1. Which of the residues spanning segment 212-256 are farther than 26 Å from Leu388 by Cβ, buried (at least 20 other Cβ atoms within 10 Å of the Cβ) and of a type outside the set (Phe, Trp, Tyr)?
2. In the set Ala210, Ala245, which member is aliphatic (A, V, I, L, M), assigned to a loop (DSSP other than H, G, I, E, B) and at negative phi?
3. Here are Thr412, Thr509, Thr492: which of them is touching a residue at least 24 places away in the same chain (Cβ under 8 Å) and touching a Leu at 6+ places or on another chain (Cβ under 8 Å)?
4. Looking only at residues that are among the aliphatic types (A, V, I, L, M) and either in a helix (DSSP H, G or I) or surrounded by 22 or more Cβ atoms within 10 Å (Cβ to Cβ) (or both) in segment 376-390, which one is farthest from the chain's Cα centre (by Cα)?
5. Take the residues of segment 71-106 that are in contact with a Phe, Trp or Tyr (Cβ under 8 Å, 6 or more places away or on another chain), of a type outside the set (A, V, I, L, M) and in a strand (DSSP E or B): which is nearest to Met182 (Cα to Cα)?
6. Quick one: how many residues across segment 551-580 are part of a loop (DSSP other than H, G, I, E, B) and touching a strand residue (DSSP E or B) at 6+ places or on another chain (Cβ under 6 Å)?
7. Going by the structure shown, is Ile150 surrounded by 20 or more Cβ atoms within 10 Å (Cβ to Cβ) and more than 19 Å from the chain's Cα centre (by Cα)?
8. In segment 468-491, what residues are in contact with a strand residue (DSSP E or B) (Cβ under 9 Å, 6 or more places away or on another chain) and of a type in the set (Ser, Thr, Tyr)?
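The values are calculated or read from the model by the stated rules, or taken from the named source; none is laboratory data. In this text, all values refer to a predicted model and were calculated from it rather than measured experimentally. Every residue, glycine as well, gets a Cβ built from its backbone with ideal geometry; the counts of neighbours run over all protein chains shown.
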Amino acid sequence: MSLHPVVAEVTDRIVTRSRESRGLYLDKIHRAADQGPARAHLTCGNQAHAYAAMGDDKDTLAAGRAPNLGIVTAYNDMLSAHQPFERFPQLIKDAARAAGATAQVAGGVPAMCDGVTQGQTGMELSLFSRDVIALSAGVALSHNTFDAAIFLGVCDKIVPGLVIAAASFGHIPAVFLPAGPMTSGLPNDEKAKVRQQFATGEVGRDELMAAEMASYHGPGTCTFYGTANSNQMLMEFMGLHLPGASFVNPGTPLRDALTVAGAERALAITGAGNDFRPAGHVLDEKAFVNGIVGLMATGGSTNLILHLPAMARAAGVQLDIDDFAALSEVTPLMAKVYPNGLADVNHFHAAGGLGYMIGELLDAGLLHPDTVTIAGDGLARYTEEPKLKDGVLQWEKTDGQTRNDKILRPATDPFLPIGGLKSLSGNLGRGVIKVSAVAPERHVIEAPARVFHDQDSVKAAFKAGEFTSDCVVVVRFQGPRANGMPELHGLTPTLSVLQDRGLRVALVTDGRMSGASGKVPAAIHVSPEAAEGGPLARLRDGDIVRLDATAGTLTVLAEDFEARTPVVADLSANNDGLGREMFDMFRNTVGPATSGAAVVI
């Protein structure tokens, strides 16, 4: 199948836009690669420090003839998705030693859990943790003793931060090893129902706690299709995982075999061998287009609309939100995974998962088939499924059939003909909306604005019974410069209750929603943000706001709107407490949401 003309057009547009920055990037990583294996340039004293604690591996390291892998780990045992990484370094070291090579833990990076900080002060550090992770990984790899890097990370900001670091050290290969999702617990629709009942006072905290604990119950990624699992999809579509690795449960023999195989593959693609695959060659324009198509086909997290441009910039690639919208228009929505459906990622994987989806999209001409991946040239390898037979890991072609068409459907008969993401523009600025779970009759909402400066004020108004008619809830001063752009996930139950009561409601914000945003229309990432005097700062209660996802517009119908003086909010409370005082530099230097809200690149 020839490449779809829109995919080709968007790719050409990105290549043209990125020509200068990508050229400079490639020159940089080629100069670094041309210097040869890093350890050859270290003094004996440098190397002695690096190898002092390596025991039996010292002689191999000092000889400098075998590859040395640098492990960058986001392990901690507060994040269920990252707890399995405790065992990974030893598996990787043993695999390297068996191959006559070596591996070292280069460093650790922080990994915060958005599930813990949702609606809490700590969420104001969440987005910036991506840049801290990138910087931390950069420090780890700066010792310059590694021939390839293995990155251990799964969740929301961790993978994007690690990709930024991998791109910055793009002269060496990068292999990402996932931990896999936890086994299925309380169904997500039942959990959501209890959350709504708690919001309306029908159940108490004990019932809510029991439902949450039954849902998030063991090691592994949360099983809904939020940002963490969208990250795993992305790594597979972009060729940084081994084929079929994303959604294998932790603690299983197959998971361990894939971890060992990832280490072996990292050793095979270093500059010391004949199949050199530096990360900067994997992370090209085509790979990012494939990632965006995967995001649309799966109905993935809106957070990736922030992260992908930031990741791409680190590799010299310039993305725009209109690229996402254009690819969404031609990419079918092939999956229904919570919050877009009732199934979780384990059900999605059992139905055929990413391998089936990649095969379908390749056949439809919606993916670049000729990308460089860690597994080999071409994306076709990613249609294969890993199997463990008699203790031996092998990949097999699947039959190309979905095993449950209520969860996963072919590209020719999708749930929706488009991916469900729209870019928005108008006199309120630029933003995005995800409509894959929004009923068609709610794609256009025109109603009076109710303006708030934080989500707690919205909840208080709801409890006071103030929402009795159609409205557009505007939550401003939630952008990256205002307070670090925390997720407003806590608004989902409240707004869902209003919608279920028959009201026509929508959310407009310069903040962001979780990867679990769903059935309520939400214009998010609106830029310029209110803290910079953006249009949202001129809105008043009662202004008629029109959110039109069909036409891609976000407007206020007020004749004097442009002449108004923007409101200036007192944001001093965002500047200290729980570490926020240390992030003042980040808030002052962060870029706009439309280009990824990036700090370090």
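1. Across segment 212-256, the qualifying residues are Ser215, Gly226, Thr227, Ser230.
2. Exactly one residue qualifies, and that residue is Ala245.
3. Being touching a residue at least 24 places away in the same chain (Cβ under 8 Å) and touching a Leu at 6+ places or on another chain (Cβ under 8 Å) holds for just one of Thr412, Thr509, Thr492, which is Thr509.
4. Ala380
5. Residue satisfying both the conditions and the ranking: Thr73.
6. Counting residues in segment 551-580 that are part of a loop (DSSP other than H, G, I, E, B) and touching a strand residue (DSSP E or B) at 6+ places or on another chain (Cβ under 6 Å) gives 2.
7. Answer is no for this residue.
8. Correct list: Ser469 only.
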